[in-house]
Amino acid sequence: MKADGNLDRGTIRQLNTPLGVRVVQLDDSLERWRWLPPDYPRFPVMVNVPGFRLRVFSDDHHVAMRMNVVVGQAVRHQTPMFAKEMKYIVFRPYWNLPLDITRAETVPRLRRDPHYLTRKGFEATDHSGQIAVSGAVNANTLAEIQSGKLLVRQKPGQSNALGLVKFIFPNEFDVYLHSTPSPQLFNQSRRDFSHGCIRVEKPAELADWLLRDQPEWTLEKVRAAMQSGPDNQQVNLSMPLPVVIVYLTAIVEEDGQVYFFNDIYGHDSALKAALAKGQPYQ
């Protein structure tokens, strides 16, 4: 909820939510916790999608860092729930556009403006990464982009959609954590604006923490790599780190405070319908 001091319709709706609804949210969240592994080889980075928050856990079982995140849009671009291992970080990355985004968004813009790639800092490449065109796009090139024969990527820099760093945990969804050139979105109370990837509020601090066992990577060096280091610089983690993306509409913080969140993707409703058929376990 937006902290604006106004007793508006949304505030009244939350105040009038029956206690039974909150109990069900707690029950649903406990059910989802039951699905997770009982332990991890290293304490994970955890993203709670409906809470729009990322938490990093330290070896003493406490939250070492919290930050706001932007997640996938509720309509068409929902962030999937899964767990994988983060293996490396890329400073000043390219943004390689997925083909569905290229066809749905970039191709129509190129039809209207053949110079769109140049104006937005994009370039078309073949599948080996060789630049095929970085200027005006003609009809033949547009057809090759439409078919997927040529790929589109955005060059590294301040205006890159991934920001200045991305955090990679290879997965079948092509989802990762990254920074953003639009930090103002972190001030919104509801933050589902992305195509499915997760934008992080404090990318330099997160990279510094992930590289904490590599002494040469100080916070100052991380920031320098983001601002003026080599483009597309990959730094491997010394050990893989679990990343867990969860969907919890109720959580209890370390201080005992309970927080509830809206069911933005409708997953609680789907879970309730499934469990109404009977518990699938003994």
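If you check S134, S179, S147 for being in contact with a Leu (Cβ under 6 Å, 6 or more places away or on another chain) and of a type in the set (S, T, N, Q), only one passes: S179.
Conditions tested, residue by residue: (1) within 14 Å of the chain's Cα centre (by Cα); (2) modelled with pLDDT of 95 or more; (3) of a type in the set (A, V, I, L, M, F, W, C).
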position: P41; (1), (2), (3): no, no, no
position: M46; (1), (2), (3): yes, yes, yes
position: V70; (1), (2), (3): yes, yes, yes
position: P80; (1), (2), (3): yes, yes, no
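Scan segment 130-154 for residues that are assigned to a loop (DSSP other than H, G, I, E, B), surrounded by 19 or more Cβ atoms within 10 Å (Cβ to Cβ) and over 30 Å from the mean Cα position of the chain (by Cα) and the total you get is 1.
Tell me the helices (runs of 4 or more DSSP H) entirely within segment 166-282 that contain at least 1 residues that are farther than 23 Å from A74 by Cα and in contact with a strand residue (DSSP E or B) (Cβ under 6 Å, 6 or more places away or on another chain). Full working, then the answer.
On the way: elements: 203-210, 219-228, 267-275.
Filter on segment 166-282 gives 203-210, 219-228.
Can you find even one residue in segment 79-88 that is buried (at least 17 other Cβ atoms within 10 Å of the Cβ), closer than 30 Å to L162 by Cβ and among the aromatic types (F, W, Y)? No; the residues of segment 79-88 include none that is buried (at least 17 other Cβ atoms within 10 Å of the Cβ), closer than 30 Å to L162 by Cβ and among the aromatic types (F, W, Y). Inside segment 209-222, residues that are more than 19 Å from the chain's Cα centre (by Cα), surrounded by fewer than 18 Cβ atoms within 10 Å (Cβ to Cβ) and in contact (Cβ under 8 Å) with a residue 12 or more places away in the chain make up a count of 4.
Residue-wise test of (1) aliphatic (A, V, I, L, M); (2) more than 30 Å from L237 (Cα to Cα); (3) touching a residue at least 40 places away in the same chain (Cβ under 8 Å).
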| position | (1), (2), (3) |
| --- | --- |
| L15 | yes, yes, no |
| R22 | no, yes, yes |
| E31 | no, yes, yes |
| G51 | no, no, yes |
| K84 | no, no, yes |
| P93 | no, no, yes |
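For (1) buried (at least 20 other Cβ atoms within 10 Å of the Cβ); (2) under 30 Å from G135 (Cβ atoms); (3) hydrophobic (A, V, I, L, M, F, W, C), each residue gets a yes or a no:
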{"position": "S189", "(1), (2), (3)": "no, no, no"}
{"position": "F193", "(1), (2), (3)": "no, no, yes"}
{"position": "A250", "(1), (2), (3)": "yes, no, yes"}
{"position": "V258", "(1), (2), (3)": "no, no, yes"}
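Just wondering, is there one or more residues in segment 177-198 that are touching a Cys at 6+ places or on another chain (Cβ under 7 Å) and either assigned by TED's automatic domain parsing to the domain that holds V243 or farther than 30 Å from N48 by Cα (or both)? Yes, that holds for at least one residue. Here segment 11-39 is the region considered, the condition is being in a loop (DSSP other than H, G, I, E, B) and surrounded by 11 or more Cβ atoms within 10 Å (Cβ to Cβ), and the residue that is nearest to the chain's Cα centre (by Cα) is L36.
Can you find, within segment 48-67, the residue that is nearest to E254 (Cα to Cα) among those that are within 16 Å of the chain's Cα centre (by Cα) and part of a loop (DSSP other than H, G, I, E, B)? Give the derivation first.
Step one: list which residues in segment 48-67 are within 16 Å of the chain's Cα centre (by Cα), which gives 48-56, 66-67.
This time we only want the ones that are part of a loop (DSSP other than H, G, I, E, B), so: 49-52.
Values: V49: 19, P50: 19, G51: 16, F52: 18 Å.
My answer is G51.
Scanning segment 168-184 for residues that are in contact with a Ser or Thr (Cβ under 9 Å, 6 or more places away or on another chain) and among the hydrophobic types (A, V, I, L, M, F, W, C) returns F173, V175.
The values are calculated or read from the model by the stated rules, or taken from the named source; none is laboratory data. Small disclaimer: the values here were computed from a predicted structure and weren't measured. Don't worry about glycine lacking a Cβ; one is built from the backbone with ideal geometry, like all the others, and counts go over all protein chains shown.
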